[in-house]
Amino acid sequence: MNKQNYIDHAEQALLHTYNRFPVVLDHGEGVYLYDTDGKKYLDFAAGIAVCAFGYGKKEYNDALKNQVDKLLHTSNLYYNVPTMEAAEKALAAADMDRIFFTNSGTEAIEGALKAAKKYAYSRDGHAGHEVVAMQHSFHGRSLGALSVTGTKHYQEPFEPLIPGIRFAEYNNLESVKAQITDKTCAIIMETVQGEGGIYPADPEFLKGVRALCDEKDILLILDEIQCGMGRTGAMFAWQNYDVKPDIMTVAKALGCGVPVGAFLMTQKVADKSLAPGDHGTTYGGNPFVGAAVSTVFDIFEKDQIINHVHEITPYLVQKLDELAAKYDFITDRRGMGLMQGLEMEIPVGQVAAKALEKGLIIITAGSNVVRFVPPLVIEKEHVDEMVTKLDEVLATF
Ligand SMILES: *Cc1c(COP(=O)(O)O)cnc(C)c1O
């Protein structure tokens, strides 16, 4: 079959929930991907902030292969060693006390919301609590996660969603205060908004929200699914601020390609939260994903990934700023670490499509942002190659 045959077959079989780029990816090596025609692409999307080590990382691949031969799945009725190790490493990295493994980011959000509701239920002896979420947030597509996702057109066809969600403006503390009632049990937000257009939390805002939560015994849930796992120059983005969440969610780069997420919490929350019978999963945290997560944390430490993010970020930022200075239609550059966005007054979908033709994979965020979430192992030469290609694309507008 040739490329167009593959695409035609896929379009006949798969539910049309994505407008895909006309590329059939076949394999990867380092920070490059190759399609079925052998064409090479520099990858600045990492499968949407997932493949932190790029492709073909031997230590990671070997760990997965070993675990495949040993044991893939057990259910959560029994213990297994890789997941116990993964749990301890994740908790140490996050300075948290309890973790629950899920199969996706969306499920991590579901669990976090349930944990917060249960905490308030145990404390108050009744249900009926509310959650404050942010406009332009993205937390996932299930009915619960969608309920706290502040984008109307994602929500509308599926209403009524779960009740008791109030939306505030991100980076506006007064707006958050205005949504707090005596029923509020949690405030949920991304530490850096991703899909909404790459907006980092203002330090004053995040500190203000934390203080508000402390004052009223409201739980702060930080969604680190996209911005976590070293991308911003700390293992978790909130570690760049002097603020700690009560519950956090992680996924995407947690497994670096294996479907796994998690929600983590402090002991204070765990003591009053989900207990046997309240929550569960068949696959979540099976030995296979446990081995992946455990190895991911090992590689972060051994390869000093976060130091590398610190080294490479100023160079990427400088090069993006140079592009922003060169083109009038680029109206902003913002982000944190290797999670950057260029806001443009030209159709960003077309920018991504033309870049692909030139062998560069970039994605968009919001309606007007080109998003850069490369593998964390990129080097200066890759930044240069990306900027050269993107510059050629931008020159055509
Ligand atoms: C991707 C994402 C999710 C949803 O994760 P899935 O693994 O796609 O379910 C939730 N929150 C944020 C911030 C994300 O970027």
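The values are calculated or read from the model by the stated rules, or taken from the named source; none is laboratory data. For clarity, every value in this text was computed on a predicted model and none was experimentally measured. All Cβ positions, even for glycine, are placed from backbone atoms using ideal geometry, and neighbour counts span all protein chains on display. With ligands, DNA and RNA removed, areas are computed over all heavy atoms of the protein, side chains included. Shrake-Rupley method; radii C 1.70, N 1.55, O 1.52, S 1.80 Å.
Couple of notes before you dig in:
- Candidates I188, I180, filtered to the one that is within 16 Å of the ligand (Cβ to nearest atom) and among the hydrophobic types (A, V, I, L, M, F, W, C): I188
- Subset of the stretch 96-154 [within 18 Å of Q267 (Cβ to Cβ) and assigned to a loop (DSSP other than H, G, I, E, B)]: M96, D97
- The residues of the stretch 113-144 that are within 16 Å of the ligand (Cβ to nearest atom) and surrounded by fewer than 17 Cβ atoms within 10 Å (Cβ to Cβ), listed by number, are Q135, R141, S142, L143.
- Selection of first residues in the stretch 48-61 that are within 17 Å of Y34 (Cα to Cα) and of second residues that are part of a loop (DSSP other than H, G, I, E, B) and of a type in the set (G, A, S), restricted to Cβ pairs under 8 Å at least 6 apart or on distinct chains, gives the following pairs, ordered by first then second residue: C51/G257.
- Only one of G47, G38 that is more than 23 Å from the chain's Cα centre (by Cα) and not in a strand (DSSP E or B): G38
- Cβ-Cβ under 7 Å pairs, at least 6 apart or on other chains, the stretch 260-284 side in a loop (DSSP other than H, G, I, E, B), far side among the acidic types (D, E) and open to solvent by less than 50 Å² (accessible area, probe 1.4 Å): T266/D246
- Condition check for S147: in contact with a Pro (Cβ under 9 Å, 6 or more places away or on another chain), within 16 Å of the ligand (Cβ to nearest atom) and at pLDDT 95 or above: yes
- Pairing residues of the stretch 136-161 that are without any contact (Cβ under 8 Å) to a residue 12 or more places away in the chain with residues that are within 15 Å of the ligand (Cβ to nearest atom) and open to solvent by less than 90 Å² (accessible area, probe 1.4 Å), at Cβ distances under 7 Å and at least 6 apart in sequence or on separate chains, gives Q155/L146; Q155/T149.
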